[in-house]
Amino acid sequence: MYIKLANNQNKDNINSYVNNSNIANLYHDSRWGKIVEKCFGHKYYVLFSENSDGEINGVLPLVHMKSLIFGGFMVSMPYFNYGGVCANDGSTRKHLIDEAVHLAKDLKAQHIEFRQEESLHNGFPEKIHKVSMRLGLPDSSDDLWKSFPSKLRSQIKVPQKAGMTCRLGRLEELESFYAVFSVNMRDLGTPVYPKSFFGDILEEFPENTWIITVYLGNIPVASGFLAGFKTRLEIPWASSIRSHNRFSPNMLLYWYCLKFACEQGYKTFDFGRSTVGESTYKFKEQWGATPSPMIWSYWVRGEGNIPDLSPRNSKYQLAIGIWKRLPLPVTQILGPRIIKNIP
(Lines give C-alpha, C1' and ligand atoms only; values in the text may rest on other atoms or scores of the structure.)
Protein backbone atom coordinates (compact mmCIF):
# COMPACT_ATOMS: atom_id res chain seq x y z
CA MET A 1 0.00 0.00 0.00
CA TYR A 2 1.28 3.45 -0.92
CA ILE A 3 -0.05 6.74 0.46
CA LYS A 4 0.63 9.76 -1.72
CA LEU A 5 -0.17 13.47 -1.84
CA ALA A 6 -2.04 14.23 -5.04
CA ASN A 7 -0.91 16.69 -7.69
CA ASN A 8 -2.63 17.90 -10.85
CA GLN A 9 -1.55 14.77 -12.73
CA ASN A 10 -3.38 12.53 -10.24
CA LYS A 11 -6.68 14.41 -10.14
CA ASP A 12 -8.39 12.67 -13.07
CA ASN A 13 -7.56 9.22 -11.70
CA ILE A 14 -8.82 10.25 -8.26
CA ASN A 15 -12.09 11.53 -9.69
CA SER A 16 -12.50 8.33 -11.68
CA TYR A 17 -12.12 6.36 -8.46
CA VAL A 18 -14.64 8.59 -6.69
CA ASN A 19 -17.19 8.24 -9.50
CA ASN A 20 -16.89 4.46 -9.44
CA SER A 21 -16.83 4.00 -5.68
CA ASN A 22 -20.06 3.03 -3.91
CA ILE A 23 -18.95 4.76 -0.69
CA ALA A 24 -17.72 8.11 -2.04
CA ASN A 25 -19.68 11.36 -1.83
CA LEU A 26 -19.64 14.44 -4.03
CA TYR A 27 -17.10 16.23 -1.83
CA HIS A 28 -14.38 13.68 -2.52
CA ASP A 29 -14.21 15.10 -6.07
CA SER A 30 -10.96 17.03 -6.45
CA ARG A 31 -12.66 19.90 -8.30
CA TRP A 32 -13.63 21.28 -4.89
CA GLY A 33 -9.97 22.08 -4.32
CA LYS A 34 -9.95 24.65 -7.11
CA ILE A 35 -13.10 26.27 -5.72
CA VAL A 36 -11.88 26.41 -2.11
CA GLU A 37 -8.46 27.77 -3.00
CA LYS A 38 -9.86 30.38 -5.39
CA CYS A 39 -12.72 31.62 -3.19
CA PHE A 40 -11.22 31.34 0.28
CA GLY A 41 -7.46 31.14 -0.19
CA HIS A 42 -7.01 27.96 1.87
CA LYS A 43 -4.61 25.22 0.81
CA TYR A 44 -6.29 22.06 -0.44
CA TYR A 45 -4.67 18.64 -0.12
CA VAL A 46 -5.72 15.20 -1.33
CA LEU A 47 -4.16 12.07 0.13
CA PHE A 48 -4.74 8.92 -1.88
CA SER A 49 -3.81 5.29 -1.53
CA GLU A 50 -2.68 2.85 -4.21
CA ASN A 51 -2.53 -0.93 -3.98
CA SER A 52 0.35 -3.04 -5.27
CA ASP A 53 -1.10 -2.90 -8.78
CA GLY A 54 -1.08 0.90 -8.80
CA GLU A 55 -4.87 1.15 -8.48
CA ILE A 56 -6.36 3.83 -6.24
CA ASN A 57 -8.23 2.30 -3.30
CA GLY A 58 -8.84 5.31 -1.07
CA VAL A 59 -8.87 9.11 -0.92
CA LEU A 60 -8.95 11.76 1.79
CA PRO A 61 -9.40 15.45 0.86
CA LEU A 62 -8.26 18.03 3.42
CA VAL A 63 -8.36 21.81 3.65
CA HIS A 64 -5.85 23.63 5.83
CA MET A 65 -7.55 26.64 7.41
CA LYS A 66 -5.60 29.37 9.21
CA SER A 67 -6.89 32.47 10.96
CA LEU A 68 -5.90 34.84 13.74
CA ILE A 69 -9.12 34.05 15.62
CA PHE A 70 -9.30 30.26 15.38
CA GLY A 71 -5.68 29.32 14.70
CA GLY A 72 -4.71 26.55 12.28
CA PHE A 73 -6.70 23.36 11.69
CA MET A 74 -7.73 20.97 8.93
CA VAL A 75 -11.19 19.89 7.79
CA SER A 76 -12.51 17.27 5.40
CA MET A 77 -14.48 19.11 4.06
CA PRO A 78 -15.22 22.64 5.30
CA TYR A 79 -18.35 24.54 4.18
CA PHE A 80 -20.13 21.27 3.29
CA ASN A 81 -21.94 18.52 5.18
CA TYR A 82 -19.77 15.69 3.94
CA GLY A 83 -16.22 14.72 3.10
CA GLY A 84 -14.05 12.53 5.28
CA VAL A 85 -12.20 9.33 4.45
CA CYS A 86 -13.25 7.20 1.49
CA ALA A 87 -11.46 3.85 1.50
CA ASN A 88 -12.10 0.34 0.25
CA ASP A 89 -11.15 -1.30 3.53
CA GLY A 90 -10.23 -0.58 7.15
CA SER A 91 -6.49 -0.91 6.64
CA THR A 92 -6.49 1.65 3.82
CA ARG A 93 -8.62 4.00 5.90
CA LYS A 94 -6.20 3.73 8.84
CA HIS A 95 -3.17 4.48 6.67
CA LEU A 96 -4.87 7.52 5.15
CA ILE A 97 -5.79 8.86 8.59
CA ASP A 98 -2.28 8.25 9.92
CA GLU A 99 -0.82 10.17 6.99
CA ALA A 100 -3.32 12.99 7.54
CA VAL A 101 -2.19 13.27 11.17
CA HIS A 102 1.45 13.42 10.06
CA LEU A 103 0.56 16.17 7.59
CA ALA A 104 -1.37 18.09 10.26
CA LYS A 105 1.61 17.91 12.62
CA ASP A 106 3.95 19.13 9.89
CA LEU A 107 1.61 22.06 9.23
CA LYS A 108 1.27 22.75 12.98
CA ALA A 109 -2.52 22.29 12.78
CA GLN A 110 -4.28 21.94 16.13
CA HIS A 111 -6.92 19.47 15.01
CA ILE A 112 -8.48 17.62 12.07
CA GLU A 113 -12.24 17.34 11.58
CA PHE A 114 -13.41 14.34 9.54
CA ARG A 115 -17.00 14.83 8.34
CA GLN A 116 -18.05 11.20 8.16
CA GLU A 117 -21.34 9.44 7.56
CA GLU A 118 -20.25 6.60 9.84
CA SER A 119 -17.88 6.12 12.76
CA LEU A 120 -14.18 5.65 12.09
CA HIS A 121 -14.05 3.13 14.98
CA ASN A 122 -10.54 4.24 15.86
CA GLY A 123 -11.00 5.87 19.24
CA PHE A 124 -11.19 9.44 17.93
CA PRO A 125 -13.67 11.66 19.80
CA GLU A 126 -16.90 12.23 17.88
CA LYS A 127 -19.80 14.65 17.57
CA ILE A 128 -23.12 12.98 16.78
CA HIS A 129 -25.69 15.69 17.54
CA LYS A 130 -26.42 16.41 13.86
CA VAL A 131 -28.27 14.20 11.40
CA SER A 132 -28.91 14.28 7.68
CA MET A 133 -32.61 14.22 6.82
CA ARG A 134 -33.26 12.04 3.77
CA LEU A 135 -36.31 10.97 1.81
CA GLY A 136 -36.48 7.92 -0.44
CA LEU A 137 -38.06 8.84 -3.76
CA PRO A 138 -40.50 6.87 -5.94
CA ASP A 139 -40.13 6.59 -9.69
CA SER A 140 -42.49 9.48 -10.43
CA SER A 141 -43.41 12.81 -8.87
CA ASP A 142 -47.09 11.84 -9.21
CA ASP A 143 -46.49 8.90 -6.90
CA LEU A 144 -44.66 11.17 -4.47
CA TRP A 145 -47.52 13.69 -4.49
CA LYS A 146 -50.05 10.94 -3.79
CA SER A 147 -47.96 9.75 -0.85
CA PHE A 148 -48.19 13.11 0.92
CA PRO A 149 -50.85 13.62 3.59
CA SER A 150 -53.64 16.03 2.64
CA LYS A 151 -52.37 18.69 5.06
CA LEU A 152 -48.98 18.78 3.32
CA ARG A 153 -50.56 19.02 -0.12
CA SER A 154 -52.73 21.91 1.11
CA GLN A 155 -49.63 23.74 2.42
CA ILE A 156 -47.95 23.41 -0.98
CA LYS A 157 -51.01 24.90 -2.68
CA VAL A 158 -50.98 28.04 -0.48
CA PRO A 159 -48.09 29.78 -2.31
CA GLN A 160 -49.48 28.68 -5.66
CA LYS A 161 -52.81 30.32 -4.86
CA ALA A 162 -50.89 33.47 -3.88
CA GLY A 163 -49.50 33.58 -7.42
CA MET A 164 -46.02 32.24 -6.74
CA THR A 165 -44.16 30.38 -9.46
CA CYS A 166 -40.87 28.48 -9.74
CA ARG A 167 -37.96 28.72 -12.13
CA LEU A 168 -35.22 26.17 -12.64
CA GLY A 169 -31.85 27.36 -13.87
CA ARG A 170 -28.16 27.62 -13.24
CA LEU A 171 -26.07 30.77 -13.65
CA GLU A 172 -29.11 32.71 -14.86
CA GLU A 173 -30.70 32.15 -11.43
CA LEU A 174 -27.60 33.03 -9.39
CA GLU A 175 -28.51 36.69 -8.81
CA SER A 176 -31.94 35.75 -7.49
CA PHE A 177 -30.55 32.97 -5.31
CA TYR A 178 -27.95 35.25 -3.78
CA ALA A 179 -30.44 38.06 -3.21
CA VAL A 180 -32.54 35.72 -1.06
CA PHE A 181 -29.62 33.88 0.53
CA SER A 182 -27.71 36.97 1.64
CA VAL A 183 -30.78 38.50 3.29
CA ASN A 184 -31.57 35.26 5.11
CA MET A 185 -27.99 34.85 6.35
CA ARG A 186 -27.98 38.41 7.68
CA ASP A 187 -31.27 37.79 9.48
CA LEU A 188 -29.79 34.65 11.06
CA GLY A 189 -26.72 36.57 12.19
CA THR A 190 -24.43 34.49 9.98
CA PRO A 191 -21.75 35.90 7.63
CA VAL A 192 -22.56 35.17 4.00
CA TYR A 193 -20.44 33.35 1.42
CA PRO A 194 -19.31 35.37 -1.60
CA LYS A 195 -21.56 35.12 -4.64
CA SER A 196 -18.56 33.93 -6.64
CA PHE A 197 -18.46 30.77 -4.50
CA PHE A 198 -21.78 29.59 -5.89
CA GLY A 199 -20.91 30.72 -9.40
CA ASP A 200 -17.69 28.70 -9.30
CA ILE A 201 -19.59 25.61 -8.14
CA LEU A 202 -22.01 25.95 -11.04
CA GLU A 203 -19.13 26.30 -13.49
CA GLU A 204 -17.05 23.43 -12.08
CA PHE A 205 -20.02 21.04 -11.80
CA PRO A 206 -22.19 21.84 -14.84
CA GLU A 207 -23.55 18.31 -14.99
CA ASN A 208 -25.14 18.11 -11.54
CA THR A 209 -25.83 21.53 -9.97
CA TRP A 210 -28.94 23.69 -10.30
CA ILE A 211 -30.85 26.53 -8.66
CA ILE A 212 -34.62 26.58 -8.13
CA THR A 213 -36.19 29.93 -7.23
CA VAL A 214 -39.70 30.85 -6.15
CA TYR A 215 -40.99 34.18 -7.47
CA LEU A 216 -43.89 36.43 -6.59
CA GLY A 217 -44.19 38.27 -9.86
CA ASN A 218 -40.57 39.05 -10.66
CA ILE A 219 -39.46 39.19 -7.03
CA PRO A 220 -37.47 36.18 -5.74
CA VAL A 221 -38.87 35.11 -2.35
CA ALA A 222 -37.25 31.69 -1.84
CA SER A 223 -34.40 29.83 -3.49
CA GLY A 224 -32.42 26.62 -3.16
CA PHE A 225 -29.11 25.35 -4.51
CA LEU A 226 -29.11 21.71 -5.62
CA ALA A 227 -26.17 19.34 -6.03
CA GLY A 228 -26.52 15.77 -7.27
CA PHE A 229 -24.21 12.78 -7.03
CA LYS A 230 -25.10 9.33 -8.30
CA THR A 231 -28.53 8.49 -6.84
CA ARG A 232 -28.75 11.32 -4.29
CA LEU A 233 -29.81 14.95 -4.78
CA GLU A 234 -28.84 17.33 -1.98
CA ILE A 235 -30.01 20.85 -1.13
CA PRO A 236 -27.05 22.26 0.85
CA TRP A 237 -28.39 25.83 0.83
CA ALA A 238 -31.99 27.05 0.87
CA SER A 239 -33.49 30.34 2.02
CA SER A 240 -36.68 32.35 1.99
CA ILE A 241 -37.56 35.99 2.62
CA ARG A 242 -39.22 36.25 6.03
CA SER A 243 -41.62 39.01 5.01
CA HIS A 244 -43.29 36.54 2.61
CA ASN A 245 -43.30 33.53 4.93
CA ARG A 246 -47.06 33.85 5.57
CA PHE A 247 -47.49 32.49 2.02
CA SER A 248 -45.05 29.60 2.69
CA PRO A 249 -42.84 29.97 -0.40
CA ASN A 250 -40.47 27.39 1.07
CA MET A 251 -43.21 24.75 0.74
CA LEU A 252 -43.42 25.39 -3.00
CA LEU A 253 -39.62 25.48 -3.23
CA TYR A 254 -39.17 22.08 -1.66
CA TRP A 255 -42.00 20.53 -3.65
CA TYR A 256 -40.39 21.65 -6.91
CA CYS A 257 -37.00 20.37 -5.71
CA LEU A 258 -38.51 16.97 -4.92
CA LYS A 259 -40.43 16.91 -8.19
CA PHE A 260 -37.24 17.74 -10.08
CA ALA A 261 -35.35 15.00 -8.20
CA CYS A 262 -37.91 12.40 -9.27
CA GLU A 263 -37.87 13.60 -12.87
CA GLN A 264 -34.07 13.36 -12.96
CA GLY A 265 -34.13 9.80 -11.66
CA TYR A 266 -32.64 10.40 -8.23
CA LYS A 267 -33.57 7.85 -5.58
CA THR A 268 -32.88 9.89 -2.45
CA PHE A 269 -33.42 13.54 -1.59
CA ASP A 270 -31.07 14.92 1.07
CA PHE A 271 -32.70 17.82 2.95
CA GLY A 272 -29.41 18.61 4.68
CA ARG A 273 -28.13 18.83 8.23
CA SER A 274 -30.40 19.33 11.25
CA THR A 275 -30.41 18.99 15.02
CA VAL A 276 -32.91 16.39 16.20
CA GLY A 277 -36.14 17.93 17.48
CA GLU A 278 -35.50 21.49 16.32
CA SER A 279 -37.69 23.43 13.87
CA THR A 280 -35.71 22.60 10.73
CA TYR A 281 -35.76 18.92 11.70
CA LYS A 282 -39.54 19.01 12.11
CA PHE A 283 -39.98 20.87 8.81
CA LYS A 284 -38.06 18.17 6.95
CA GLU A 285 -39.76 15.39 8.87
CA GLN A 286 -43.21 16.48 7.64
CA TRP A 287 -42.12 15.60 4.08
CA GLY A 288 -41.42 12.05 5.21
CA ALA A 289 -37.67 12.48 5.63
CA THR A 290 -35.92 10.31 8.21
CA PRO A 291 -32.62 10.94 10.02
CA SER A 292 -29.34 9.46 8.87
CA PRO A 293 -26.34 9.77 11.22
CA MET A 294 -23.61 12.34 10.68
CA ILE A 295 -20.60 11.36 12.74
CA TRP A 296 -17.86 13.97 12.76
CA SER A 297 -14.61 12.59 14.14
CA TYR A 298 -11.62 14.53 15.47
CA TRP A 299 -7.91 14.17 15.85
CA VAL A 300 -6.81 16.78 18.40
CA ARG A 301 -3.19 17.70 19.09
CA GLY A 302 -1.99 16.90 22.60
CA GLU A 303 -4.67 16.86 25.29
CA GLY A 304 -6.89 19.47 23.64
CA ASN A 305 -10.68 19.39 23.58
CA ILE A 306 -12.96 18.96 20.57
CA PRO A 307 -13.29 22.46 19.07
CA ASP A 308 -16.64 24.25 18.96
CA LEU A 309 -16.75 26.79 16.12
CA SER A 310 -20.53 26.60 15.72
CA PRO A 311 -22.90 29.57 16.13
CA ARG A 312 -24.33 27.80 19.18
CA ASN A 313 -21.18 28.53 21.10
CA SER A 314 -22.21 31.10 23.73
CA LYS A 315 -19.14 33.24 23.18
CA TYR A 316 -20.36 34.12 19.66
CA GLN A 317 -23.86 35.25 20.67
CA LEU A 318 -22.96 38.94 21.01
CA ALA A 319 -21.36 39.00 17.55
CA ILE A 320 -24.41 37.26 16.07
CA GLY A 321 -26.74 39.81 17.64
CA ILE A 322 -24.71 42.71 16.22
CA TRP A 323 -24.54 41.09 12.77
CA LYS A 324 -28.33 40.82 12.54
CA ARG A 325 -28.60 44.62 12.85
CA LEU A 326 -26.05 45.50 10.17
CA PRO A 327 -27.19 46.90 6.79
CA LEU A 328 -27.34 44.23 4.10
CA PRO A 329 -24.65 45.81 1.84
CA VAL A 330 -22.23 45.83 4.78
CA THR A 331 -22.80 42.13 5.47
CA GLN A 332 -22.29 41.31 1.79
CA ILE A 333 -18.88 43.04 1.89
CA LEU A 334 -17.67 41.87 5.30
CA GLY A 335 -19.33 38.45 5.35
CA PRO A 336 -17.04 36.67 2.87
CA ARG A 337 -13.96 37.88 4.75
CA ILE A 338 -15.25 36.32 7.96
CA ILE A 339 -16.97 33.16 6.74
CA LYS A 340 -13.82 31.94 4.97
CA ASN A 341 -12.45 31.09 8.43
CA ILE A 342 -15.59 29.31 9.70
CA PRO A 343 -15.77 25.70 8.47
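Site pair E175 and L68 shows an inter-label distance of 3.6 nm when each label is modelled 7 Å from Cα along Cα→Cβ.
Ordering I156, G136, V330 by the projection of their Cα atoms onto the charge dipole of the chain, which places +1 on the Cβ of Lys and Arg and -1 on the Cβ of Asp and Glu, puts V330 at the extreme positive end.
Helical content alone sets the calculated 222 nm signal of the chain at -11000 deg cm²/dmol, taking -39,500 (n - 2.57) per DSSP H segment of four or more residues and averaging over every residue.
Here V158 and S196 are evaluated by their C-beta separation; at R0 = 45 Å the FRET efficiency comes out at 0.80. Across the chain, C-alpha contacts under 8 Å between residues 6 or more apart give a mean separation that, scaled by the residue count, equals a relative contact order of 21 percent. The 1.4 Å probe gives accessible areas that order D187, D200, largest first, as D187, D200. Rounded, prolate or oblate: pick one for the range 1-137, where a ≥ b ≥ c are the square roots of the eigenvalues of its C-alpha gyration tensor, a/c under 1.5 means rounded, and failing that, prolate if a/b is larger than b/c, else oblate. Taking the square roots of the gyration eigenvalues as a ≥ b ≥ c, the range 1-137 is rounded. About its Cα centre, the dipole of the chain is roughly 1440 debye, where the only charges are +1 on Lys and Arg Cβ and -1 on Asp and Glu Cβ. Starting from the Cα gyration tensor of the range 186-284, take the square roots of the eigenvalues, sort them a ≥ b ≥ c, and report rounded, prolate or oblate (rounded when a/c is under 1.5, otherwise prolate if a/b is larger than b/c, else oblate). Verdict is rounded for the range 186-284. Only protein heavy atoms count here; under a 1.4 Å probe, V46 has an accessible surface of about 10 Å².
A Cβ-based charge dipole, computed about the Cα centre of the range 84-146 with Lys and Arg at +1 and Asp and Glu at -1, lands at about 320 debye.
Computed over protein heavy atoms with a 1.4 Å probe, the accessible surface of the range 150-243 works out to 39 Å² per residue.
In this label model, S16 and E126 are separated by 3.4 nm, measuring between points 7 Å along each Cα→Cβ vector. In a fully extended conformation the segment linking R337 and Q9 would gain 114.9 nm over its present Cα-Cα distance, using 0.36 nm per residue. For the range 1-145, a simple Cβ point-charge model (Lys and Arg +1, Asp and Glu -1, everything else neutral) yields a dipole of about 800 debye relative to the Cα centre. Comparing I219, V192, P206 along the charge dipole axis of the range 150-241, the residue lying farthest to the positive side is I219, per the Cβ-charge model. With a/c under 1.5 counting as rounded, go ahead and sort the range 152-220 into rounded, prolate or oblate using the C-alpha gyration tensor (a ≥ b ≥ c being the square roots of the eigenvalues; past the cut-off, prolate if a/b is larger than b/c, else oblate). Oblate.
The values are calculated or read from the model by the stated rules, or taken from the named source; none is laboratory data. Remember, predicted model here, so these are calculated numbers, not experimental data. Cβ: placed from backbone, ideal geometry, glycine included. Neighbour counts: every protein chain shown. The accessibility values were calculated without ligands, DNA or RNA, using every heavy atom of the protein model including side chains. Shrake-Rupley method; radii C 1.70, N 1.55, O 1.52, S 1.80 Å.
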